[in-house]
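Worksheet: the structure to be examined is printed underneath.
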Amino acid sequence: MNFYADLKELGYLWFYTMLAVAVLYWYIEHVKENAGQLMYWRGRKDGWDLHRRMTSNKVKTDEVFDYDKD
């Protein structure tokens, strides 16, 4: 092989390596974003469930301890 062919192969190797690194970086960022969104909405659901349970418990305790109601 000659010097030009070696440089050409090295260029292809460099290009495909950088392409693979870019695709891997994009995939990792995509997974991180999806995980962030998933945790955000799961946290919203947990907060809503907590609020619903607290208001439900308050209504139940108000009914039990309503001394004015006879």
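Here are some notes:
- Theoretical gain in end-to-end length, residue 61 to residue 38 [0.36 nm per residue, Cα-Cα removed]: 4.8 nm
- The phi-based Karplus calculation (6.51 cos²θ - 1.76 cosθ + 1.60; θ = phi - 60°) puts the 3J(HN,Hα) values of the stretch 41-53 at 6, 5, x, 4, 5, 4, x, 5, 4, 4, 4, 5, 5 Hz, whole numbers, x for Gly and Pro.
- Computed from Cα atoms alone, the Kirkwood hydrodynamic radius reported for the stretch 24-63 is 12.3 Å.
- Matching label, Rg/Rh (Cα atoms, Kirkwood Rh) computed from the structure shown, candidates (1) 0.94; (2) 0.98; (3) 1.70: (3)
Read-outs throughout are calculated quantities, based only on the coordinates presented, and are distinct from any laboratory measurement. Model, not experiment: these values are computed from the prediction.
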